[in-house]
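Single-structure report; data block below.
Only the coordinates and a few stated rules stand behind these numbers; no lab work does. Keep in mind the model is a prediction, meaning the values are calculated, not measured. Note: ideal-geometry Cβ built from the backbone for every residue, glycine included; neighbour counts use all protein chains shown.
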Amino acid sequence: MSTFDLIDHSIEAYCEAHTTPECTLLHNLNRRTHLETINPRMLSDQLQGLFLTFISKMLRPDRILEIGTFTGYSALCLAEGLSDRGELHTIEINVEYEDRIREFVSQSPWGHRIHLHIGDALQMVPSMEEQWDLVFIDAEKEQYPQYYELVLPKVRKGGFILADNVLWNNKVTQEIAHNDRDTRAIDAFNNTVQQDDRVRNLLLPFRDGIMIIEKL
Ligand SMILES: C[S@@+](CC[C@H](N)C(=O)[O-])C[C@H]1O[C@@H](n2cnc3c(N)ncnc32)[C@H](O)[C@@H]1O
């Protein structure tokens, strides 16, 4: 989501005013996404984008996997931190986004390191023969538990998974309606991670909630 859902808007504005602005490429992608897509709130914005860039720069990963590309904003941010031999693979199920993703990726200095896969992550992740240093989960909320079980065995020990929207607009702390499958899945994901002795985890109340998971 592109706004703080948990924090007062004056705090959001203050944080944005005291954070390095987007580069021209990200600014243009942000703008085009708002002009041309139905649900631009799905985009990572200036703050989350730079958060992802900084995490990636601190880790200097060789292999990044992203599940849920949308228009490519977070992929461009994460790619900035790749090691000299690093590569990022990103999976997007909606073919309608493909041309726009490729247009912007081609303009990035890290574009040649970004590999876009159009298809269903549930089918593609098992066939990818990589060991991931960093995984960003940001696709269908109902499928978070499945993404987690698919990627965790492929994350190297000491590697990290980031999962976005784990507070789901604060719905996880309220009574969950029986038919609210997204919130139920996010809550199940959070509980699974919390009880999983293969990992150490931090639920960071930043924007819509980011679960940071270290594989032990
Ligand atoms: C929240 S958006 C991703 C936002 C993007 N990571 C960013 O921060 O700018 C989620 C995306 O996941 C895609 N998606 C949903 N289910 C998927 C699946 N099973 N495999 C791959 N992509 C999927 C959607 O089409 C959508 O573009």
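Specify the residue that is farthest from residue 129 (Cα to Cα); the eligible residues are those in region 81-107 that are assigned to a loop (DSSP other than H, G, I, E, B) and within 14 Å of the ligand (Cβ to nearest atom). Selected residue: 94.
Any residue that is more than 9 Å from the ligand (Cβ to nearest atom) and either part of a helix (DSSP H, G or I) or crowded, with 19+ Cβ neighbours inside 10 Å (or both) - is there at least one of those in region 37-44? Yes, there is a match, as at least one residue in region 37-44 is more than 9 Å from the ligand (Cβ to nearest atom) and either part of a helix (DSSP H, G or I) or crowded, with 19+ Cβ neighbours inside 10 Å (or both). Residue count for region 135-158 under the criterion of being of a type in the set (Gly, Ala, Ser) and either in contact (Cβ under 8 Å) with a residue 60 or more places away in the chain or within 16 Å of the ligand (Cβ to nearest atom) (or both): the result is 1. Say we look at region 61-80 and pick out the residues that are away from the ligand (no atom under 12 Å from the Cβ) and over 15 Å from residue 162 (Cα atoms); which of these is surrounded by the most Cβ atoms within 10 Å (Cβ to Cβ)? It comes out as 80. Residue 93 falls short on exactly one of the conditions (1) buried (at least 18 other Cβ atoms within 10 Å of the Cβ); (2) under 21 Å from residue 26 (Cα atoms), and that condition is (2). Against the definition (among the basic types (Lys, Arg), in contact (Cβ under 8 Å) with a residue 24 or more places away in the chain and touching a strand residue (DSSP E or B) at 6+ places or on another chain (Cβ under 8 Å)), how does residue 63 come out, yes or no? Yes: the conditions hold for residue 63. Considering region 173-205 alone, what residues qualify as being closer than 28 Å to residue 123 by Cβ, within 19 Å of the chain's Cα centre (by Cα) and not hydroxyl-bearing (Ser, Thr, Tyr)? Matches in region 173-205: 182, 185, 186, 187, 188, 189, 190, 193, 199, 201. Within region 26-33, can one find any residue that is part of a loop (DSSP other than H, G, I, E, B) and either surrounded by 13 or more Cβ atoms within 10 Å (Cβ to Cβ) or touching a strand residue (DSSP E or B) at 6+ places or on another chain (Cβ under 9 Å) (or both)? Looking for residues that are part of a loop (DSSP other than H, G, I, E, B) and either surrounded by 13 or more Cβ atoms within 10 Å (Cβ to Cβ) or touching a strand residue (DSSP E or B) at 6+ places or on another chain (Cβ under 9 Å) (or both), one finds none in region 26-33, hence no.
Note on region 108-133: among residues that are part of a helix (DSSP H, G or I) and more than 14 Å from the ligand (Cβ to nearest atom), the one that is farthest from the chain's Cα centre (by Cα) is 112.
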